[in-house]
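First up is the structure itself, then whatever we jot down about it.
The values are calculated or read from the model by the stated rules, or taken from the named source; none is laboratory data. Since the model is a prediction, treat every value here as computed from it, not as a measurement. Here the Cβ is made from the backbone with ideal geometry for all residues, glycine too, and neighbour counts use every protein chain on show. Heavy atoms of the whole protein, side chains included, go into the accessibility calculation; ligands, DNA and RNA do not. Shrake-Rupley method; radii C 1.70, N 1.55, O 1.52, S 1.80 Å.
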Amino acid sequence: MAKDPKIGRREFLTVAGAAALAPAAPAAAQQTQPATPSTAPPATTAAAPPIDEPLLTLTATEHAFFVAAADTIIPPDHLSPSGSDCGVANFIDRQLAGAYGTGARLYRQGPFPKGKPEQGYQLSLNPREFFRAGVASANEFTRKAYGKDFDRLNEEQRIAALKTMEEGKAEFKGFGSAMFFNALLQITMEGFFADPIYGGNRDMASWKMVGYPGLPATYRNDIRKYLGKTYDKPPRSIADFS
């Protein structure tokens, strides 16, 4: 969670969106700065709750954790629906069930010494195993601190718990809580900003929020039409061209 409570959600998400508009999640150890939960009133035109999507790899407990985490990092307000209403948990489930989750592009033959930050991900765990262990450790930490799993905490407790993890002060098994927090933040933001075809960014809510046009790669035919004017065409997904 960001240290400065004065940083607005629009400023954070606009900056984060520039780096997160990608279809697949990167290595779990990538560093990113988190969003500051907003106190703004909930959106009055929030997207309808998603139709339940069968889980591909997450357990019910893990899914509940990711829903709660996504809604803590991206709460509903006048800018967009909550993270879970935008399908972030579905995105994470799909990613961890696929090639990213199995570590298809990771070298995992060892040895696995403790590496330096600039060396990137150094654990023997693939991303699916990493997040499984991280969620288990996060829930164990909150049970000791608050007597409940993370998803059963109130908003204030969830924010405090995530801050403790971000600062590396929560006791985790096998790796630091800050490493897990950074990975959680990264995949949450990717689910919020990625093309909707991957399960997140439902109704292209984040693209509409930051004014991102989506898939089209050339605007040659619109240059004269929109010269000096606001580009007002709705964003388009990969699915719109299939």
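Observations, loosely collected:
- Residues satisfying the stated conditions in segment 173-188, i.e. buried (at least 24 other Cβ atoms within 10 Å of the Cβ) and more than 9 Å from the chain's Cα centre (by Cα): 180, 181
- Subset of segment 198-222 (residues that are hydroxyl-bearing (Ser, Thr, Tyr), out of contact with any Ser or Thr (no Cβ under 8 Å at 6 or more places or on another chain) and in a helix (DSSP H, G or I)): 198
- Only listed residue being out of contact with any Gly (no Cβ under 7 Å at 6 or more places or on another chain), of a type in the set (Gly, Ala, Ser) and over 22 Å from residue 91 (Cβ atoms), chosen from 147, 211, 134: 147
- If you go through segment 122-146 and pick out every residue that is open to solvent by less than 80 Å² (accessible area, probe 1.4 Å) and either over 22 Å from residue 194 (Cα atoms) or touching a His at 6+ places or on another chain (Cβ under 6 Å) (or both), you end up with 17.
- Applying the condition of being of a type outside the set (Asp, Glu) and open to solvent by 50 Å² or more (accessible area, probe 1.4 Å) to segment 189-209 and asking which residue is farthest from residue 239 (Cα to Cα) yields 208.
- Sole exception among (1) under 20 Å from the mean Cα position of the chain (by Cα); (2) in a loop (DSSP other than H, G, I, E, B) for residue 61, by number: (2)
- Test: residue in segment 94-115 that is in a loop (DSSP other than H, G, I, E, B), modelled with pLDDT of 95 or more and over 23 Å from residue 192 (Cβ atoms): no
- Selection of first residues in segment 63-75 that are farther than 11 Å from residue 188 by Cα and aromatic (Phe, Trp, Tyr) and of second residues that are assigned to a loop (DSSP other than H, G, I, E, B) and open to solvent by 10 Å² or more (accessible area, probe 1.4 Å), restricted to Cβ pairs under 8 Å at least 6 apart or on distinct chains, gives the following pairs, ordered by first then second residue: 65/149.
- Matching residues, segment 71-93, being more than 10 Å from the chain's Cα centre (by Cα), modelled with pLDDT of 95 or more and of a type in the set (A, V, I, L, M, F, W, C): 86
- Qualifying residue in segment 142-154 (condition: within 27 Å of residue 116 (Cα to Cα) and either in contact (Cβ under 8 Å) with a residue 60 or more places away in the chain or assigned to a loop (DSSP other than H, G, I, E, B) (or both)): no
- Once segment 152-163 is narrowed to residues that are crowded, with 19+ Cβ neighbours inside 10 Å and either among the polar types (S, T, N, Q) or within 13 Å of residue 71 (Cβ to Cβ) (or both), the residue that is nearest to the chain's Cα centre (by Cα) is 162.
- Among the residues listed as 214, 174, 199, 168, the single one being small (Gly, Ala, Ser), more than 21 Å from residue 77 (Cβ to Cβ) and free of Cβ contacts under 8 Å to residues at least 12 places away in the same chain: 168
- Residue within segment 185-194 that is in contact with a Pro (Cβ under 7 Å, 6 or more places away or on another chain), closer than 18 Å to residue 67 by Cβ and not in a helix (DSSP H, G or I) present: yes
- Taking first residues from segment 221-234 that are free of Cβ contacts under 8 Å to residues at least 40 places away in the same chain and partners that are surrounded by 10 or more Cβ atoms within 10 Å (Cβ to Cβ) and small (Gly, Ala, Ser), the Cβ contacts under 9 Å between residues at least 6 apart in sequence or on separate chains come to 230/211; 231/211; 234/214.
- Any chance residue 192 is in contact (Cβ under 8 Å) with a residue 12 or more places away in the chain and closer than 30 Å to residue 144 by Cα: no
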